[in-house]
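The values are calculated or read from the model by the stated rules, or taken from the named source; none is laboratory data. Because the structure is a prediction, the values reported are computed rather than measured. Reconstructed Cβ throughout: ideal geometry from the backbone, glycine too, with neighbour counts over all protein chains shown.
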């Protein structure tokens, strides 16, 4: 039997694999894909946001487990 925490981690791993498959599929269709992990790059919000404005993406896909981050993204990008 899996603990709830273990189940959540398995679900996130599956979600990450799905996201990667979608990014590869879009790339194969000719779209430019930017993988930006501001946390891994130790960027603060202002640095990360400046990068986004510089790239001028048509679509942004967020992965987050925190409602606060999702609310900030919604408020920032609509």
The range 19-38, residues that are farther than 15 Å from residue 60 by Cβ and either surrounded by 10 or more Cβ atoms within 10 Å (Cβ to Cβ) or touching a helix residue (DSSP H, G or I) at 6+ places or on another chain (Cβ under 8 Å) (or both) | 20, 21, 24, 25, 27
Spot the failing condition for residue 47; the list is (1) under 26 Å from residue 11 (Cα atoms); (2) assigned to a helix (DSSP H, G or I); (3) not assigned by TED's automatic domain parsing to the domain that holds residue 15, and only one is missed.
-> (1)
